[in-house]
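Single-structure report; data block below.
Bear in mind that the values in this text are calculations on the coordinates, not laboratory data. A quick note: this is a predicted structure, and the numbers were derived from the prediction, not measured. Because the Cβ atoms are built from the backbone with ideal geometry, glycine has one as well, and the counts that use them run over all protein chains shown.
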Amino acid sequence: MSLLHVAGLTKHFGGVVALDGVGFTVEAGEVVALIGPNGAGKSTCFNLINGQLAPDAGGISFDGASIVGIGPRRLFRMGIGRTFQIAAVFQSMTVVENVQMALLSANREIFRFLRGVPRRRRGEALALLDRVGLAGEADRAARTLAYGDLKRLELAVALANRPRLLLMDEPAAGMAPQERADLVSLTRRVVDADGTAVLFTEHSMDVVFAFADRILVLAEGRLIAQGAPEAVRADPLVQAHYLGTTTDTEDGP
């Protein structure tokens, strides 16, 4: 049984068909890229899986159970983590407090932090920061971090609930080539060590082909190809729809 199973996923925005009967699986421990040109439906697909949108048709199952209609917070507690194209952290908090908040939320203890127990789960938070190379920055304000370090912090936050599936939306967006390579290498080490499955979107083909075990290709809301990276790279339909347009940086609905 696949960890994530998507079947016949369909979503309309008015007269626009954002997704049209999309289906695929992600296996435990597998790293899968979801790529496509602008407007292909990648962000819509992510937002449906993560509970931010409801599908018009189709199903989404996680570990054999339907997750349609379940919101992001509950999905986080069920073991689905997410990072965003623009790093989503609390800029006014310290680095370690961001991770503490995620740990407390995962363990339904957030009220204790708000009641003034800022040291709760600090040790666990520091251990997560050490995994992503930020232990030395623990007490800095998050707003003072360089962008590459913010993305590392976001990864630590996403790992707070020990996710079985990690959704990563454009993880390397806005990063220089070396920063992209460093983040991809770090993420691969972390998820391999934990056996975490990853589904990610990305416009940078160097990241896709360095990181993915398998690639799914969307075009105009439909899945047009899937397979191992080299097979997808050689697919004439993929070349016609996408691989000539890799300089695009924004996704449609």
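Per-residue ellipticity at 222 nm from helix content only, as computed over the chain with -39500 (n - 2.57) for each DSSP H run of at least four residues, stands at -9500 deg cm²/dmol. Compared with the dominant principal axis of the Cα atoms in the chain, helix 95-106 is inclined by about 70°. Taking a label point 7 Å from the Cα of ALA57 along the Cα→Cβ vector, which residues of the stretch 1-36 have an amide N closer than 14 Å to it? Within reach of a label on ALA57, which here means backbone N under 14 Å from a point 7 Å along Cα→Cβ, the stretch 1-36 contributes 7-13, 17-23. Separation of the stretch 150-179 from the stretch 11-36 is 20 Å, based on Cα centroids.
Angle of helix 147-158 to the longest C-alpha principal axis of the chain, folded into 0 to 90 degrees and rounded to 10: 90°. Of all the options ALA181, ALA57, ALA193, the one that moves most in a Gaussian network model of the chain with Cα springs shorter than 10 angstrom is ALA193. Computed over neighbours whose Cβ is under 12 Å from that of MET1, the net charge equals -2, Lys and Arg +1, Asp and Glu -1.
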